[in-house]
Amino acid sequence: MGKYVFGVDLGGTTVKMGLFDTAGNVSDKWEIVTRKEDSGSHILPDIAESIKAKMAEKDIPASEVEGIGIGVPGPVDSKGVIHKAANLGWGVFSIKEEMEKLTGGIKVEAGNDANVAALGEMWKGGGEGHRNLVAVTLGTGVGGGIIVDGKILTGATGAGGEIGHIHIVDDEPESCGCGNHGCLEQYASATGISRLASRRLAEDDAASILRNGDVSAKAVFDAVKAGDEVAKEVAVRFGHYLGKGLAAVACTVNPEIFVIGGGVSKAGEVLFEYIVDEYKKYVFHGCRDAKFALAKLGNDAGIYGAAKLVITE
């Protein structure tokens with residue numbers, strides 16, 4: 001095994017990169033701009049050149065590099081083929097093969113960014129010590145990554161773990177970003193919590209801090225912590241939907257632990273007061289004892305998970 005591994009987290013604005021040893025210690029982190037023009041044709045060459053420049057700077061020969069892992073915002077199958085990434089301008093092609101050519105034959109492994117972040121949290125984050133894990137990212141949407149026996153569950157086309165699009169509510173008039181109606185992320189994401197808050201405020205004239213005009217997810221949970229009864233009702237509805245959705249996931253993959261990350265997770269442990277009881281209400285009894293924890297790696301989860309893609313135990 002080589003001494004070094006590169007972890008790459010490809011985002012729509014920037015590409016985050018890290019240089020690791022094979023024990024998982026990061027020695028350097030940096031970013032480059034994601035150049036999406038010309039159908040994203042510059043992205044992989046830019047990444048390859050940046051890695052080669054870092055190798056030259058650190059005097060690292062290719063023979064000492066175990067590999068390069070890369071997480072990308074799109075469905076990636078187990079062979080390293082991406083099945084379209086619209087926001088990058090990419091169609092269907094092998095990221096693995098293309099990057100290996102660009103780096104002169106260094107081994108490359110690729111995965112979906114949410115799945116890769118889940119792998120990072122399993123390895124060095126909130127799920128450390130567990131090999132069966134569901135990572136849940138509560139941000140603008142609801143992202144998911146599923147790890148079974150230490151390996152990413154990718155599915156046939158890399159769309160495994162899209163838990164934000166589990167159907168959770170019938171007769172929802174508003175459309176989800178995916179085009180369907182009633183998806184989990186319409187109620188459990190940051191934007192979903194704001195939607196729930198706005199709908200609750202429209203039901204009556206009950207006094208609430210939230211009537212000052214700020215119904216962001218942060219404002220809702222700040223109000224919960226301040227004892228605001230309306231905000232608590234919003235949190236109960238959020239917890240009902242998320243707990244019910246995670247119960248459905250658990251009955252399929254039976255995780256040891258759910259690791260909750262993303263912007264909403266900054267509210268802290270108070271989230272679990274609203275999620276866990278609802279989860280236990282709906283879940284199959286054999287899955288009731290799953291643990292809940294907050295993610296620990298933040299924005300570095302992607303580079304850690306990408307590095308882990310090429311480190312085999």
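Computed from the coordinates by the stated procedures, all read-outs in this text should not be read as laboratory data. The model shown is predicted, which means the values in this text are computed figures rather than measured ones.
Taking the centroid of alpha carbons for each part, the range 131-153 and the range 277-298 are 13 Å apart. Taking every lysine pair in the range 46-173 that is 8 or more places apart or spans two chains, those with Cα atoms closer than 24 Å amount to 23. Angle, helix 113-124 long axis vs. longest principal axis of the chain, Cα atoms, 0 to 90°, nearest 10? Taking the Cα atoms of the chain, the angle to 113-124 is about 90 degrees. If you compute volume of the Cα convex hull per residue in Å³ for the structure shown, which of [x] 146; [y] 179; [z] 137 do you land on? Label of the calculated value: [z].
Computed from Cα atoms, the angle from the helix 270-282 axis to the main principal axis of the chain rounds to 80 degrees. Over the residues of the chain, the helix contribution to mean residue ellipticity at 222 nm works out to -11000 deg cm²/dmol, using -39500 (n - 2.57) for each DSSP H run of at least 4.
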